[in-house]
Amino acid sequence: MRKSDPLLSLLALLAGLFLWTLAGSTRSPQAAAERLDPVRRLVSELGLSDPALFTEARYTRHLSQADLHSAFQDHPMALEHFPSGSLLAPPRPATHGRGE
Amino acid sequence: MGWLRHQRYLLDFIIASLLRRKGKNLGLLLVYSLIVFMLASVMLFTHALKREMGQVLQASPEIILQRIEAGRHALIPADYLRKIGRLRGVTARKGRLWGYFYDPAVRANYTLMVAPERRLADSEVIIGSAIARTRGIGPGDYLTFRAHDGEAYSFRVRELLASDTELFSADLVLMSERAFRVSQGVAEGWYTDIVLSVSNPLELAKIAEKLTLRLPDTRPILREEILRTYDSIFSWRQGILFVLLLGAILAFVIFAWDKASGLSAEERREIGILKAVGWETGDVLRMKFWEGAILSLMAFLLGYLLAYLHVFHASASLFEPVLKGWAVLYPAFRLTPVIDGLQVATLFFFSVFPYVVATIIPIWQVSVTDPDAVMR
């Protein structure tokens, strides 16, 4: 066995796995859609508008329902209290036209 | 065939050369893979989450109508359902009742919601899996709330919401309308907001405009705005994570550049000897090209595959503290593997190409000089 054989085999294996991950994302869009069906049904039944990803504060729980300036409500230069609130994008009234 | 054999001999030689400086090269491979892993994790996670949000939120209400009082979201009178009147394109309208409850026992915020379709008795609730996990309760157990008037109400948990819906239902407590009104102090004739169903999405903007004219103290939130909010939030968060990683990336760039471009005396001597024993400049360049390419390709593949495992098979557990913040309830969810080819191509280009270039240039400078001068 040559010195380069194990290395080439390893590279081929890694490259194969890489291509498999790329192919995997397009392989079964039907299965992916079916997996999301129960979530979509629940969202439709209850009229949910936001994911339960950031449950630490009211305005981070329902970002789409909160006032746009909720994360900056104390005063304009206030440091945001909640960690996920500090990662919120500042409102962009110029592009959204929803300034409040 | 001859060319291929030539490259194989070069590869054999490179491996021997890399193994001579085993510690240094393995260290480089490790740091290199780690940087690719972090960048790829952020990219894969954000893209998959954005895609999933986009697909699921397509099922959310077309229009949510909030009443605004002194600049804040306030309860909306049931009378507004009548005041909206007949609007062309609106197929259904109903009031929603929902709110929040802070549970001091586990210091968690719950989202209370009325679910008329579930036909719950006034003493029953359906809860999200994250609440059940945190409180250590299950179907048949009791959940006690302290109501707005200080009274304690106990509800029997009828069932848990399916765990595969946790991304949206982790903190939900579904209850009957009467239970909600009594425990939260919301009088009859009031709702939290109103949802409208619209069959033709092209009419949404016009309907929203009519709503604001008829009910000037309301704010319509369109589904497109919800989708846009999440799209921009995850892009913004991805950007912030990249900025946080920038320090680490720069440190790596300096390290890799120094390693790749600054030739040690030993390496110079090696090139001098190779040229003295008859190697051509092209051979030396090819050898160094392969060396750089193998190292960077290996780091890219290892980093990317680890990131894939982390995001899609380990629930992106490293990002949990960032997303969770101080929250107690956090959904356990598994994302569908969706990969953006362009993003991966960009990551590949920026992680492999600069390193290979940084390896080749100094070698070329050394290998075109006289072997005698290099070895001295």
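The values are calculated or read from the model by the stated rules, or taken from the named source; none is laboratory data. Keep in mind that what you see is a predicted model, and the values were worked out from it rather than measured. Positions of Cβ are backbone-derived with ideal geometry, glycine not excepted, and every protein chain shown enters the neighbour counts.
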For segment B:240-285, give me each residue that is within 14 Å of another protein chain (Cβ to nearest Cβ) and buried (at least 17 other Cβ atoms within 10 Å of the Cβ).
B:241
Considering B:236, B:279, B:257, which residue is outside the structural domain of residue B:115 (by TED's automatic domain parsing), closer than 30 Å to residue B:37 by Cα and free of Cβ contacts under 8 Å to residues at least 24 places away in the same chain?
B:236
In segment B:223-233, which residue that is surrounded by fewer than 19 Cβ atoms within 10 Å (Cβ to Cβ) and in contact with a Lys or Arg (Cβ under 9 Å, 6 or more places away or on another chain) is farthest from the other protein chains (Cβ to nearest Cβ)?
B:231
Inspect all residues belonging to segment A:27-35 and state whether any of them is surrounded by 16 or more Cβ atoms within 10 Å (Cβ to Cβ), closer than 29 Å to residue B:114 by Cα and either among the charged types (D, E, K, R) or at pLDDT below 85 (or both).
no
Could you grab the pairs with beta carbons closer than 8 Å, sequence gap of 6+ or different chains, first residue in segment B:318-343 and at pLDDT 85 or above and among the aromatic types (Phe, Trp, Tyr), second one surrounded by 18 or more Cβ atoms within 10 Å (Cβ to Cβ) and not in a helix (DSSP H, G or I)?
B:330/A:53; B:330/A:55; B:330/B:170
What number of residues in segment B:275-298 are assigned to a helix (DSSP H, G or I), farther than 30 Å from residue A:13 by Cβ and out of contact with any helix residue (DSSP H, G or I) (no Cβ under 6 Å at 6 or more places or on another chain)?
1
For residue A:45, indicate whether it is at the interface with another protein chain (Cβ under 7 Å from one of its Cβ atoms), of a type in the set (Asp, Glu) and without any contact (Cβ under 8 Å) to a residue 60 or more places away in the chain.
yes
Within segment B:290-306, does at least one residue satisfy the condition of being touching a strand residue (DSSP E or B) at 6+ places or on another chain (Cβ under 8 Å), under 30 Å from residue B:170 (Cα atoms) and of a type outside the set (S, T, N, Q)?
no
Output for segment B:305-316, where each listed residue is more than 11 Å from the chain's Cα centre (by Cα) and without any contact (Cβ under 8 Å) to a residue 24 or more places away in the chain
B:305, B:309, B:313, B:314
Got a number for residues in segment B:167-184 being in a helix (DSSP H, G or I), among the charged types (D, E, K, R) and within 14 Å of chain A (Cβ to nearest Cβ)?
1
Number of the condition not met by residue B:235 [criteria: (1) in contact with a Ser or Thr (Cβ under 7 Å, 6 or more places away or on another chain); (2) assigned to a helix (DSSP H, G or I); (3) among the hydroxyl-bearing types (Ser, Thr, Tyr)]
(1)
Can you confirm whether segment B:191-203 contains a residue that is at pLDDT below 95, assigned to a loop (DSSP other than H, G, I, E, B) and touching a helix residue (DSSP H, G or I) at 6+ places or on another chain (Cβ under 8 Å)?
no
Any idea how many residues of segment B:148-166 are surrounded by 15 or more Cβ atoms within 10 Å (Cβ to Cβ) and more than 14 Å from every other protein chain (Cβ to nearest Cβ)?
4
Being without any contact (Cβ under 8 Å) to a residue 12 or more places away in the chain, touching a strand residue (DSSP E or B) at 6+ places or on another chain (Cβ under 6 Å) and away from chain A (no Cβ under 11 Å) is the requirement here; does residue B:144 meet it?
yes
Condition met for residue A:55 (closer than 28 Å to residue B:218 by Cα, at the interface with another protein chain (Cβ under 7 Å from one of its Cβ atoms) and either modelled with pLDDT of 90 or more or surrounded by 13 or more Cβ atoms within 10 Å (Cβ to Cβ) (or both))
yes
Subset of segment B:299-331 [surrounded by fewer than 21 Cβ atoms within 10 Å (Cβ to Cβ), in a loop (DSSP other than H, G, I, E, B) and touching a Leu at 6+ places or on another chain (Cβ under 9 Å)]:
B:315, B:325
Condition test on residue B:111, is it over 24 Å from residue B:184 (Cβ atoms), in contact (Cβ under 8 Å) with a residue 24 or more places away in the chain and of a type in the set (Val, Ile, Thr)?
no
